[in-house]
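As structure tokens, the structure follows; a few thoughts come after it.
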Amino acid sequence: MGTVYERPFEVAVTTANAVPQAKEAAMPLGRHLDGCRVGFDLGASDRKASAVVNGEAIFSEEIVWDPKNAATPSITIKA
């Protein structure tokens with residue numbers, strides 16, 4: 001954490017009243033759906049893929065998998 005905040009990390013025991021106010025800022029990102037988008041999520045228990053053209057989903061797939069516990073992991077390529 002010291003690298004992230006660029007100063008030594010410390011844990012301080014204090015009361016709830018002494019905790020500083022949160023400094024959160026929201027910023028809208030994206031919000032435009034023009035053009036082509038591809039999304040891929042490789043999770044621990046499944047993988048998901050999606051394709052969107054001008055805001056309309058043209059492909060979406062979710063496949064459950066467990067590569068950690070597979071005896072012989074292999075890659076299957078669909079043509």
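The values are calculated or read from the model by the stated rules, or taken from the named source; none is laboratory data. All values derive from a computational prediction rather than experimental measurement. When we count neighbours, we look across all protein chains shown, and the Cβ atoms used for this are built from the backbone with ideal geometry, even at glycine. Side chains included, ligands, DNA and RNA excluded: accessible areas come from the protein's heavy atoms. Shrake-Rupley method; radii C 1.70, N 1.55, O 1.52, S 1.80 Å.
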So, first residue open to solvent by less than 100 Å² (accessible area, probe 1.4 Å) in segment 50-62, second residue outside any strand (DSSP E or B), Cβ within less than 8 Å, six or more apart or across chains; the pairs are Val52/Leu33; Val53/Gly35; Gly55/Leu33; Gly55/Asp34
Six or more apart or on different chains, Cβ atoms under 6 Å: show the pairs whose first residue is in segment 38-49 and surrounded by 10 or more Cβ atoms within 10 Å (Cβ to Cβ) and whose second is of a type in the set (Lys, Arg) and assigned to a strand (DSSP E or B).
Asp41/Lys48
Some residue of segment 8-31 being among the polar types (S, T, N, Q), closer than 30 Å to Val64 by Cα, modelled with pLDDT of 90 or more and not in a loop (DSSP other than H, G, I, E, B)
no
